[in-house]
Amino acid sequence: MPKPNFIIFYCDDLGYGDLGCYGSDEIKTPNIDQLASDGVRFTNWYSNSPVCSPSRAALLTGKYPMRTEVDQILSGQRGAAGLSSDHQSLPSIAKENGYRTAMFGKWHLGTTPETRPNAHGLDEFFGFHAGCIDYFSHIFYWEGLPVHDLWENEEEVWNNGKYMTELITEKAVQFIQKQGQDDDQPFFLYVPYNAPHYPMHAPAKYMERFSHLPWDRQVMAAMISAVDDGVGEIINALKRTEQYQDTVIFFSSDNGPSVEVRNWLDGTADKYYGGDAGIFTGHKGSLFEGGIREPAILSYPAKIPAGQVSDQVGVMMDILPTFIELADMTPANQQIDGESVVELVTNPQAESPHEQVFWEYNDQLAVRQGKWKLVLNGKLDFEEVAEDTIFLSDLEQDPGERINLAAQQPELAEQMKSDALAWYDQITADRE
């Protein structure tokens, strides 16, 4: 049996409640919804971090962010270091196993030659290195002096006036069509859209689809709709070239929606709530559910039964070992923290491979253990501190983390706190 192709769609600051298949009654996402119908829609899937760079490092390496030395948002300025190639990534593993590898979109894992995409096993790259750019000029306006940030492999390129979401889609479709002409070589394609991360830009044709919404929701819906169109175009290219059945597709987002003031065009709002975290507490920057629980879809028509909804726990670092198992690839000789979810999506009786999952970010710690979740020193976003320094939730009864059960369950709270601290001490020691 030939090895499957792989595609990862990765959005930026997408809210759990901002897709039709996750309950949005405002934003229409028919193509992503169809992808969910064709595979597995996860309801308890997590990012490894509430911010972008660490989440991406975990996704591509299968490791907890601290183990990759990328546990903070990386600088977007030229010359900023990032993910070392000492940490073998999914594209580099795929390349070593005979795959053609490509990426089109947002990198945000380093701007130096040794940390850029091509240094991590990618045969083709088109996109930008920083955390965000203007969608039309492709200029990075933050962190001091503005700098143009659009690249094709190692060469800077200019495409002023072209909407970045559409550029990403166009490049991905071209790649798939070219690959469809070569039946002998499978491909790995990473498509990290920068939407709906600020700045809040969308062409008129997308804005007009949601003219009935208030401006903040209108532009958010328009940006997500452009991504949905792109997903649809890429899937249609797979179908035209008869590659859809044998392509594993993963769709998710790096972290929850942002309340950063920069999301608002005129900068006058105290906070911006354009993104929808659904019923969950917290936003980007928080280890409460709104910052780390993500929409996630896994599709592989040739092997994974369609129409599934899984409430089992999965994490971004699981994607690397899952892909390795599905393609029977030779893994890298390095420690992997993620677990394959192949059994989970092919056996209806299977349970999550995780007994515990841990998080750390800016003095916050968290652990998920079965239905229980403990957050230490939690924040609600980058700045707002939660009222309780120890917060224990029963996520089956209270998925929104509204009720703190630490006082009612002192032994459990102490055990989970102790485990979280021990994990943090161990992973810190492993870095040294």
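The values are calculated or read from the model by the stated rules, or taken from the named source; none is laboratory data. Just so it is clear, the model here is predicted, and its values are computed rather than measured. Here the Cβ positions follow ideal geometry from the backbone for every residue, glycine too, while neighbour counts run over all protein chains shown.
Could you tell me whether any residue of segment 388-407 is over 19 Å from Gly290 (Cβ atoms) and surrounded by fewer than 17 Cβ atoms within 10 Å (Cβ to Cβ)?
Looking only at segment 388-407, we keep the residues that are over 19 Å from Gly290 (Cβ atoms), and these are 406-407.
In the following step, the residues that additionally are surrounded by fewer than 17 Cβ atoms within 10 Å (Cβ to Cβ) were identified as 407.
Within segment 388-407, one or more residues are over 19 Å from Gly290 (Cβ atoms) and surrounded by fewer than 17 Cβ atoms within 10 Å (Cβ to Cβ).
Quick check on segment 98-105. Is at least one of its residues assigned to a loop (DSSP other than H, G, I, E, B) and within 22 Å of Ser253 (Cα to Cα)? If you could, list the steps in order and put the result at the bottom.
Initially, segment 98-105 is screened for residues assigned to a loop (DSSP other than H, G, I, E, B), giving 98-99.
Among the residues that remain, those that are also within 22 Å of Ser253 (Cα to Cα) are: none.
No, segment 98-105 has no match at all.
Would you check which residues across segment 39-85 are surrounded by fewer than 24 Cβ atoms within 10 Å (Cβ to Cβ) and either of a type in the set (S, T, N, Q) or not assigned by TED's automatic domain parsing to the domain that holds Glu114 (or both) and list them?
Correct list: Thr43, Asn44, Gln72, Ser75, Gln77, Ser84, Ser85.
Does Ile324 fit the bill of being touching a helix residue (DSSP H, G or I) at 6+ places or on another chain (Cβ under 6 Å), farther than 28 Å from His283 by Cβ and either in the same structural domain as Gly17 (by TED's automatic domain parsing) or surrounded by fewer than 19 Cβ atoms within 10 Å (Cβ to Cβ) (or both)?
Details: touching a helix residue (DSSP H, G or I) at 6+ places or on another chain (Cβ under 6 Å): no; farther than 28 Å from His283 by Cβ: yes; either in the same structural domain as Gly17 (by TED's automatic domain parsing) or surrounded by fewer than 19 Cβ atoms within 10 Å (Cβ to Cβ) (or both): yes.
Criteria not met by Ile324.
Pairs only if they're at least six apart or on different chains, beta carbon under 6 angstrom, first in segment 99-126 and under 19 Å from Val157 (Cβ atoms) and free of Cβ contacts under 8 Å to residues at least 40 places away in the same chain, second among the hydrophobic types (A, V, I, L, M, F, W, C) and in a strand (DSSP E or B); list them, first residue then second.
Every condition considered, the pairs that remain are Pro117/Met103; Pro117/Phe125; Asn118/Phe125; Phe125/Met103.
Tell me the strands (runs of 3 or more DSSP E) entirely within segment 341-432 that contain at least 2 residues that are of a type in the set (A, V, I, L, M, F, W, C) and within 25 Å of the chain's Cα centre (by Cα). Give the derivation first.
Working: elements: 357-361, 364-369, 372-376, 390-394.
So the answer is 357-361, 364-369, 372-376.
Identify, from the list Val157, Val147, the residue that is surrounded by fewer than 17 Cβ atoms within 10 Å (Cβ to Cβ) and modelled with pLDDT of 95 or more.
Details: Val147 fails: surrounded by fewer than 17 Cβ atoms within 10 Å (Cβ to Cβ).
Sole residue among the options that is surrounded by fewer than 17 Cβ atoms within 10 Å (Cβ to Cβ) and modelled with pLDDT of 95 or more: Val157.
With the structure loaded, tell me whether Gly307 is touching a residue at least 12 places away in the same chain (Cβ under 8 Å) and within 16 Å of the chain's Cα centre (by Cα) or whether it fails that test.
Numbers: touching a residue at least 12 places away in the same chain (Cβ under 8 Å): yes; within 16 Å of the chain's Cα centre (by Cα): no.
No, not satisfied.
If you take the residues of segment 173-206 that are aliphatic (A, V, I, L, M) and crowded, with 18+ Cβ neighbours inside 10 Å, which of them is nearest to Phe126 (Cα to Cα)?
So, considering only residues that are aliphatic (A, V, I, L, M) and crowded, with 18+ Cβ neighbours inside 10 Å, the one nearest to Phe126 (Cα to Cα) is Val191.
Checking Ala130 against (1) in a helix (DSSP H, G or I); (2) within 22 Å of Asn255 (Cβ to Cβ), only one condition comes out false. Which one?
(1)
Taking segment 57-92 on its own, how many of its residues are more than 21 Å from Tyr46 (Cα to Cα), in contact with a strand residue (DSSP E or B) (Cβ under 8 Å, 6 or more places away or on another chain), in a loop (DSSP other than H, G, I, E, B) and not charged (D, E, K, R)?
Going through segment 57-92 one residue at a time, the tally reaches 2.
Which residues, taken from segment 154-180, are free of Cβ contacts under 8 Å to residues at least 40 places away in the same chain and assigned to a loop (DSSP other than H, G, I, E, B)?
Answer for segment 154-180, where residues must be free of Cβ contacts under 8 Å to residues at least 40 places away in the same chain and assigned to a loop (DSSP other than H, G, I, E, B): Val157, Trp158, Asn159, Asn160, Gly161, Lys162.
Scan segment 2-16 and give yes if some residue there is free of Cβ contacts under 8 Å to residues at least 24 places away in the same chain and either more than 10 Å from the chain's Cα centre (by Cα) or not assigned by TED's automatic domain parsing to the domain that holds Pro199 (or both), otherwise no.
Scanning segment 2-16 turns up no residue that is free of Cβ contacts under 8 Å to residues at least 24 places away in the same chain and either more than 10 Å from the chain's Cα centre (by Cα) or not assigned by TED's automatic domain parsing to the domain that holds Pro199 (or both).
So, in segment 323-340, how many residues would count as being assigned to a helix (DSSP H, G or I) and within 18 Å of the chain's Cα centre (by Cα)?
Qualifying residue count for the region: 1.
Would you mind finding the one in Arg56, Arg41 that is within 30 Å of Trp372 (Cβ to Cβ), within 14 Å of the chain's Cα centre (by Cα) and not small (Gly, Ala, Ser)? Break it down into steps so the answer makes sense when it comes.
Values: Arg41 fails: within 14 Å of the chain's Cα centre (by Cα).
When all the criteria are applied, what remains is Arg56.
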